Amino acid sequence: MTQISFYLFENSAERQVESACRLCRKILNQHPQIWWYCTDADLQTELDELLWRFDPVSFIPHSIDQVTSPVCISAELPPSSDWIVFNFNNHALEQTQDFRHIIEIIENNEAAKQIGREKFKMYRRLGIEPRTFKL
């Protein structure tokens with residue numbers, strides 16, 4: 001069964017893209033396939049650039065639309081269930097059975113929190129109880 005994890009920033013102004021980089025670095029040690037699902041081309045570019053400079057000591061291997069890369073940034077969904085999917089879109093992923101783990105990062109602002117609430121409700125309607133981590 002698919003896992004859904006929400007990371008809620010309650011007391012931090014950290015942006016979604018920065019927290020995604022930190023979390024990705026941790027996950028890559030245990031799971032070598034991470035998919036950043038993002039349909040916004042400008043955000044894809046921002047994510048790509050941030051990954052290049054995020055950690056000068058430990059490069060996070062990534063690319064846009066290259067399924068052979070450990071971290072793939074793409075407007076398409078991954079081709080198999082082997083990927084951990086970070087969802088950078090404003091809607092829940094309804095094809096939950098296609099993925100092992102979906103990660104939602106919610107920034108500490110009212111607009112992001114409202115989107116997060118809607119996503120959370122959608123996953124529950126799909127029969128999945130998301131886990132929540134408050135940061």
(request) Could you check how many residues of the range 1-28 are open to solvent by 20 Å² or more (accessible area, probe 1.4 Å) and either closer than 16 Å to PHE86 by Cβ or of a type in the set (Phe, Trp, Tyr) (or both)? (result) 13
(request) Search the range 34-80 for residues being within 19 Å of ARG100 (Cβ to Cβ) and open to solvent by 60 Å² or more (accessible area, probe 1.4 Å), and hand back the single one that is modelled with the lowest pLDDT. (result) PRO79
(message) Filter the range 103-119 down to the residues that are touching an Asp or Glu at 6+ places or on another chain (Cβ under 8 Å) and either buried (at least 18 other Cβ atoms within 10 Å of the Cβ) or acidic (Asp, Glu) (or both) and list them by number.
(response) GLU107, GLY116, LYS119
(request) Give the residues of the range 112-135 that are free of Cβ contacts under 8 Å to residues at least 40 places away in the same chain and among the small types (Gly, Ala, Ser), sorted by residue number. (result) GLY127
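The values are calculated or read from the model by the stated rules, or taken from the named source; none is laboratory data. None of these values were measured; they are calculated from a predicted model. Ideal geometry is used to build each Cβ from the backbone, glycine not excepted, and the neighbour counts take in all protein chains shown. The accessibility values were calculated without ligands, DNA or RNA, using every heavy atom of the protein model including side chains. Shrake-Rupley method; radii C 1.70, N 1.55, O 1.52, S 1.80 Å.
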